[in-house]
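What follows is a short report on a single structure.
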Amino acid sequence: MQKQPLLLTTGEPAGIGMDVVLILAQENKLQGSGRPIWVTADAEAMQARAEQLIAAGVLQSCPAWQIVDAQAEATDFVEAVAQLTSNDAVANDFILLDVPCGAPVIAGQIDINNAIMVAQQLEIAHQLAVTHQVAAIVTGPLQKSALIDADIKLLDGTMFSGHTEFFMQQSGCDKVVMMLANQAMKVALVTTHLALRDVPAAITKENVRQTVQIVLDDMRSKFGLKQPRILVCGLNPHAGEGGHLGMEEIEIINPVLQEFIAKGADISEAMPADTLFTPRHLSNCDAVIAMFHDQGLPVLKSHGFGDTVNLTLGLPYIRTSVDHGTALDLAGRGGASATSLYQALVMADEMASKALAD
């Protein structure tokens, strides 16, 4: 029985999304998991980018792919993919789901006329994932400013603010959790992109409770861990020093953590972040929950910046992502690293396999 495919979105066509896909295809790393790989991109732009990278000495030749019209009727689309993937002759190719751009693509130059195409990639990814036609979504980088300037809205009518918010609203979720992971550790965040002065007000019992529950649920369902071991950072230095350096641990964080401990979860109370991220503690945990962005992520990235993967927990499907931007200055010119995309593919495959086994 063939494994379910992974769907890879290339994101902003002017950036390095297509570059890193082409690099992995040349290195025969796209199909390393044995899963079919479906890639959303503009077929003409992909061909042009391959030719640019050949001229730049990055590619030796154009990798092979099979094109399917991603805007065809759903039944025709599924049948077309099924016919291609049943053909042994294309076993080493990837399926290119052709999503045409609104304007010619120039590497390194954003054109807001292509913003609709970027959003269409995400809509296709969500539909295929939520209907279980793909095992996981792996997203390449997009340029949020381009979608905002093009007046692309989220489902609730607010401005486009990123992959995470898009998939959360499309899935009908009230809360999702950002987790970053590499070979050294996995770090989930209670709050994400907030000014530091706004963080304490966002550390509420409900926010902490929801975050912990999502982390526990997804570590079980998507990582296959029956009893995940979780360590939690306090908000304040020394986890509040018994209330002398802040009361959040005593009044908010620990009471919530005690609820989970009472239910049998293997989770710590709030720990000082300056000692939590040491080998002695990390060797005995499966994931860390940090209270804010720059409490947990600098430590994680110092242990493997290029190998880091961005995950969205709490969705009804698996979504991993590269941990870098569009790198417009590198698009079509060489110098882009495909390491993060490869790690995102590897983690998506591992999670899909563990979720299936569970």
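The values are calculated or read from the model by the stated rules, or taken from the named source; none is laboratory data. These figures come from a predicted structure and were not determined experimentally. Methodologically, a virtual Cβ is constructed for each residue, glycine included, from the backbone with ideal geometry; neighbour enumeration extends over all protein chains shown.
Filtered by the rule that a residue be polar (S, T, N, Q) and touching a helix residue (DSSP H, G or I) at 6+ places or on another chain (Cβ under 8 Å), the range 181-212 gives Asn182, Thr191, Thr192, Thr204. So which pairs qualify, if the first residue must be in the range 211-236 and over 16 Å from Ala181 (Cα atoms), the second must be of a type in the set (Val, Ile, Thr) and part of a helix (DSSP H, G or I), the Cβ gap must be under 7 Å, and the two must be at least 6 apart or on different chains? Close Cβ pairs (under 7 Å, with a partner that is of a type in the set (Val, Ile, Thr) and part of a helix (DSSP H, G or I)) amount to Val212/Val256; Gly234/Ile253; Leu235/Ile253.
Here is a check on your reading of the model: is Val134 surrounded by 21 or more Cβ atoms within 10 Å (Cβ to Cβ), in contact with a Pro (Cβ under 9 Å, 6 or more places away or on another chain), more than 23 Å from Lys354 (Cα to Cα) and among the hydrophobic types (A, V, I, L, M, F, W, C)? Against the criterion (surrounded by 21 or more Cβ atoms within 10 Å (Cβ to Cβ), in contact with a Pro (Cβ under 9 Å, 6 or more places away or on another chain), more than 23 Å from Lys354 (Cα to Cα) and among the hydrophobic types (A, V, I, L, M, F, W, C)), Val134 does not qualify.
The range 1-87 holds helices (runs of 4 or more DSSP H) entirely within its bounds, and those carrying 3 or more residues that are modelled with pLDDT under 95 map to 74-85. The helices (runs of 4 or more DSSP H) located wholly in the range 258-312 that include 2 or more residues which are aliphatic (A, V, I, L, M) occupy 273-276, 293-302. Consider Glu241 carefully, then state whether it is surrounded by fewer than 22 Cβ atoms within 10 Å (Cβ to Cβ) and either in contact (Cβ under 8 Å) with a residue 60 or more places away in the chain or not in a strand (DSSP E or B) (or both). Yes. Residues being out of contact with any helix residue (DSSP H, G or I) (no Cβ under 9 Å at 6 or more places or on another chain), in the same structural domain as Gly32 (by TED's automatic domain parsing), buried (at least 18 other Cβ atoms within 10 Å of the Cβ) and of a type in the set (A, V, I, L, M) are entirely absent from the range 316-326. Of Gln26, Gln2, all but one fail to be out of contact with any strand residue (DSSP E or B) (no Cβ under 9 Å at 6 or more places or on another chain), under 13 Å from Val134 (Cβ atoms) and surrounded by fewer than 23 Cβ atoms within 10 Å (Cβ to Cβ); the exception is Gln2. If we scan the range 95-105, do we find a residue that is more than 30 Å from Ala352 (Cβ to Cβ), surrounded by fewer than 21 Cβ atoms within 10 Å (Cβ to Cβ), among the small types (Gly, Ala, Ser) and at pLDDT 95 or above? Yes, there is a match, as at least one residue in the range 95-105 is more than 30 Å from Ala352 (Cβ to Cβ), surrounded by fewer than 21 Cβ atoms within 10 Å (Cβ to Cβ), among the small types (Gly, Ala, Ser) and at pLDDT 95 or above. What number of residues in the range 338-353 are charged (D, E, K, R) and either surrounded by 21 or more Cβ atoms within 10 Å (Cβ to Cβ) or not assigned by TED's automatic domain parsing to the domain that holds Leu59 (or both)? Qualifying residue count, the range 338-353: 1.
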